[in-house]
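Peer 1: Following this message is one structure expressed as structure tokens.
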Amino acid sequence: MTKDAHTTHDAAEDVRNRDIKIYVNGEIVHRDAAKVSVYDSGFMLGDGMWEGMRLYNGKWAFFDEHMDRFFDSCKAVSLDVGMDRAGIMDALTRTAEANGMTTDVHCRLMLTRGVKVKPFQHPSLSRTGPTMVIIMEHSKPATELQTRGIRLATVPQVRGLPMSQDAKYNSHSKLNCVIACLQAEQAGADEALMLDPHGFVNTTNACNFFIVRKGEVWTSTGDYCMNGVTRQKVIDLCRTNGIPVHERNFSLYEAYGADEAFLTGTFGAQTPVAEIDGKLIGEGAHTITKRIRALYKEMIDANTAAG
């Protein structure tokens with residue numbers, strides 16, 4: 001990473017994270033003791049699914065939407081979760097309580113097909129039942145990203161067709177995105193802007209991508225990207241607050257000429273984009289981005305309010 005590089009997951013260091021406790025298959029242990037087998041299918045093959053969630057005011061924001069995606073993804077690859085939604089909520093609650101966490105917490109919930117009896121690919125070799133790990137950290141997005149923005153570089157690595165590996169899976173197998181991230185880093189940017197198989201602007205290696213042109217918000221069709229929970233919430237907010245929004249194909253030509261651009265994700269919410277391929281985006285006011293960010297904060301507050 002270049003000396004002044006940033007990512008949408010930048011956060012100030014919190015010393016409390018040095019002693020967090022992690023959920024591993026029903027047990028909650030210190031991070032130094034949290035381990036899985038080298039025979040685990042997640043370690044060997046990236047065979048698993050995960051969700052990123054945030055805890056605000058003692059509540060998990062948009063829990064139902066995250067669980068819809070998680071259970072749909074697991075079902076699609078015949079991965080037995082081993083518990084229902086109530087069981088997952090109990091595991092989350094136990095882990096948060098063990099860490100004394102109530103707000104500004106980021107969680108990575110991970111499930112793999114479990115431990116294999118031999119180090120080979122076939123799913124039938126995973127016979128122990130699933131492996132579930134929950135990592136929670138005290139984490140607040142770096143505030144300076146809201147002023148400086150993220151620098152993107154268009155990369156040759158694309159998001160593929162659904163019959164190769166559907167980008168809608170939030171799978172442990174992230175090599176495609178890792179390669180894109182490396183290509184962006186080597187180009188001197190913070191993150192990668194990835195195209196779809198037809199050359200249209202799609203997503204970044206870590207977040208969904210939006211532009212603003214003449215007061216309208218554009219994002220990709222969603223056919224080749226992770227259909228993020230935050231992405232959908234932004235689309236919903238635009239529709240209910242009189243901001244024209246379109247899911248459509250568009251090229252780098254439209255992206256370079258945008259008045260604003262921003263990224264969406266569970267961790268960073270909405271992060272402004274400062275430049276793409278060295279070209280400054282707009283004049284840096286981020287007027288509509290700021291409005292959407294304020295509306296999203298109101299939505300989070302309402303979703304996690306006590307009651």
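Every number here is computed from the coordinates shown, using simple stated rules; none is lab data. It should be emphasised that the depicted structure is a prediction, and the values quoted were computed from it without experimental measurement. We place every Cβ from the backbone using ideal geometry, glycine too, and count neighbours over all the protein chains shown.
Peer 1: Is the C-alpha gyration tensor of the stretch 17-138 telling us rounded, prolate or oblate? Criteria: a/c under 1.5 is rounded; beyond that, a/b larger than b/c is prolate, otherwise oblate.
Peer 2: Here the stretch 17-138 falls in the oblate category.
Peer 1: Continuing with the same structure: Of the peptides 50-58, 270-278, how do they stack up when ordered by the mean number of other Cβ atoms within 10 Å, highest first?
Peer 2: With the highest mean Cβ count within 10 Å placed first, the list reads 270-278, 50-58.
Peer 1: Hey, what angle do you get for helix 85-99 against the long axis of the chain, alpha-carbon based, 0 to 90 degrees rounded to 10?
Peer 2: For helix 85-99, the angle is close to 90 degrees.
Peer 1: Compute the acute angle (0 to 90°) between the alpha-carbon long axis of helix 63-76 and the principal axis of greatest extent of the alpha-carbon atoms of the chain; round to the nearest 10°.
Peer 2: 70
Peer 1: Gaussian network model of the chain, Cα springs within a sub-10 Å range: biggest mean-square fluctuation belongs to which of Arg248, Arg16, Arg151?
Peer 2: Arg16
Peer 1: What angle do you read, to the nearest 10 degrees and between 0 and 90, between the alpha-carbon axis of helix 229-240 and the longest principal axis of the chain?
Peer 2: Approximately 40 degrees, to the nearest 10.
Peer 1: Which of the following values of P(r) over Cα pairs in 10 Å bins from 0, in percent was calculated from the structure shown: [x] 5, 22, 24, 18, 14, 10, 6, 1, 0; [y] 5, 17, 20, 19, 16, 12, 7, 3, 1, 0; [z] 6, 26, 34, 25, 8, 1?
Peer 2: [z]
Peer 1: While we're on this one: Quick one: net charge of Ala76's neighbours, Cβ under 14 Å, K/R +1, D/E -1?
Peer 2: -1
Peer 1: What does the charge count near Leu193 come to, summing +1 for each Lys or Arg and -1 for each Asp or Glu among other residues with Cβ under 12 Å from its Cβ?
Peer 2: Its environment carries a net charge of -2.
Peer 1: Note down the net charge around Arg127, summing +1 for each Lys or Arg and -1 for each Asp or Glu among other residues with Cβ under 14 Å from its Cβ.
Peer 2: Its environment carries a net charge of 0.
Peer 1: State, to one decimal in nm, how far the label point of Met163 lies from the label point of Lys140, with both points 7 Å from Cα in the Cβ direction.
Peer 2: Going from the Met163 label point to the Lys140 one covers 5.0 nm.
Peer 1: How would you rank Cys107, Cys74, going from fewest to most other Cβ atoms within 10 Å of each one's own Cβ?
Peer 2: Taking fewest neighbouring Cβ atoms as first place, the list is Cys74, Cys107.
Peer 1: With the cut-off at 30 Å, tell me which of the pairs Lys116/Lys140; Lys21/Lys290; Lys75/Lys140; Lys174/Lys233 have Cα atoms farther apart than that.
Peer 2: Lys116/Lys140; Lys21/Lys290; Lys75/Lys140
Peer 1: Which residue, Ala153, Ala76, Ala91, tops the fluctuation ranking in a GNM of the chain built on C-alpha contacts under 10 Å?
Peer 2: The residue that fluctuates most here is Ala76.
Peer 1: Using the basic label-point model (7 angstrom from Cα toward the beta carbon), what is the Asp32 to Arg148 distance in nanometres?
Peer 2: 3.3
Peer 1: Along the Cα→Cβ direction, 7 angstrom out, place labels at His198 and Asp277. What is the inter-label distance in nm?
Peer 2: Taking the two extended label points, one gets 1.9 nm.
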